[in-house]
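In what follows, a structure is listed as structure tokens, so that the remarks can point back to it.
The values are calculated or read from the model by the stated rules, or taken from the named source; none is laboratory data. Every value quoted in this text rests on a predicted model; they were computed, and no experiment measured them. Positions of Cβ are backbone-derived with ideal geometry, glycine not excepted, and every protein chain shown enters the neighbour counts. Note: accessible area is taken over every heavy atom of the protein model, side chains too, but ligands, DNA and RNA are not part of it. Shrake-Rupley method; radii C 1.70, N 1.55, O 1.52, S 1.80 Å.
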Amino acid sequence: MKPWQHFKTITRHRHLVLAGCFRIGLYRQGLTHDLSKYSPVEFWNGARYYQGVRSPNAAEREDKGYSEAWMHHKGRNRHHYEYWTDMSPETRRYEAVPMPRRYLAEMVMDRRAACMVYQGKNYTPGSPLAYFLKSREQALMHPQTRRELEYILTMLRDRGERETFRFLKREVLTGKPFPWEMQQTEE
């Protein structure tokens with residue numbers, strides 16, 4: 001039964017991301033979002049650790065000390081900030097680099113969909129921001145990515161989907177500056 005439940009969960013998540021991506025013009029990314037979740041390593045580990053209320057990767061990590069499914073997933077999906085790390089020529093250490101805006105926008109849709117799936121009727125437009133602020137991931141992101149993501153998730157909470165999606169489509173994806181970037185150019 002767990003494989004079927006897991007399949008339904010990841011497929012519902014994908015469809016929510018697809019719908020959000022289509023609303024902002026990211027058609028290809030919407031269609032290809034999280035296809036790796038159907039690969040054997042991700043699917044069968046996800047089915048084994050499926051709980052329905054949170055990512056099975058967390059349960060796998062608790063059981064084994066790491067998540068093989070997550071390591072596979074983050075290395076193949078550019079909408080995860082973990083994908084955007086590389087060896088710095090200056091420090092010779094792996095460091096976060098800024099995410100391109102198209103993947104930042106997909107990450108917003110991914111986080112929104114994950115909260116909708118796992119929180120169900122308790123989801124609110126503030127759920128993705130609350131989850132982000134509660135997590136420890138902020139310290140691992142590039143500061144620019146972190147600032148942009150927090151700004152967009154705050155907008156989602158305070159102004160709703162319509163305005164946030166419009167901002168993503170007309171401002172973020174067209175390369176227009178964020179408000180703090182406009183202030184820097186005026187100085």
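For the chain, adding -39500 (n - 2.57) for each run of n ≥ 4 DSSP H residues and dividing by the number of residues yields -19000 deg cm²/dmol at 222 nm.
Which of rounded, prolate, oblate describes segment 138-187, given a ≥ b ≥ c as roots of the alpha-carbon gyration tensor eigenvalues and a/c under 1.5 marking rounded, otherwise prolate only if a/b is larger than b/c? The shape class here is oblate.
Counting only residues at least eight positions apart within a chain, or on another chain, the lysines with an alpha carbon under 18 Å from that of K121 are K8.
Rounded if a/c is under 1.5, else prolate if a/b is larger than b/c, else oblate: which is segment 1-111, with a ≥ b ≥ c the root eigenvalues of its Cα gyration tensor? Oblate, since a/c reaches 1.5 and b/c is not below a/b. Computed on protein heavy atoms with a 1.4 Å probe, the accessible areas place D110, D158 in the order D158, D110, largest first.
How large, in percent, is the carbon and sulfur part of the accessible surface of the chain at a probe radius of 1.4 Å? Working shown, then result.
Numbers: 5630 of 10830 Å².
Carbon and sulfur together cover 52 percent of it.
Within the full protein context, the accessible area of S39 is estimated at about 30 Å² for a probe radius of 1.4 Å. Accessible area per residue (1.4 Å probe, heavy atoms of protein chains only) ranks F7, F43 as F7, F43, with the largest value leading.
Remark: the chain carries 58 Å² of accessible area per residue (probe radius 1.4 Å; ligands, DNA and RNA excluded).
Label-to-label distance, F22 versus Q144, with points set 7 angstrom from Cα along the beta-carbon direction: 3.2 nm.
Rolling a 1.4 Å probe over the protein chains gives L16 an accessible area of about 40 Å².
Could you tell me whether segment 46-174 comes out rounded, prolate or oblate from its Cα gyration tensor? Rule is a ≥ b ≥ c as square roots of the eigenvalues, rounded for a/c under 1.5, then prolate if a/b exceeds b/c, otherwise oblate. Display every interim value, and only then the final one.
Working: a/c = 2.03, a/b = 1.06, b/c = 1.91.
Since a/c reaches 1.5 but b/c is at least a/b, the shape of segment 46-174 is classed as oblate.
Between segment 1-42 and segment 102-174, the C-alpha centres lie 17 angstrom from each other.
When only Cα pairs under 8 Å and 6 or more residues apart are kept, what is the percent relative contact order across the chain? The partial results should precede the final answer.
Working: 205 pairs, mean separation 35.9, N = 187.
Rounded, it is 19 percent for the chain.
Of the residues W4, W84, ranked by 1.4 Å probe accessible area with the largest first, the sequence reads W4, W84.
Measuring r between the beta carbons of D63 and Q183 and using R0 = 41 Å, the FRET efficiency lands at 0.30. Computed from point charges on the beta carbon alone (+1 for Lys and Arg, -1 for Asp and Glu), the dipole magnitude for the chain about its Cα centre is near 740 Debye.
Relative to the present Cα-Cα distance, how much length would full extension add between Q51 and R162 at 0.36 nm per residue of separation?
Computed gain between Q51 and R162 is 36.8 nm.
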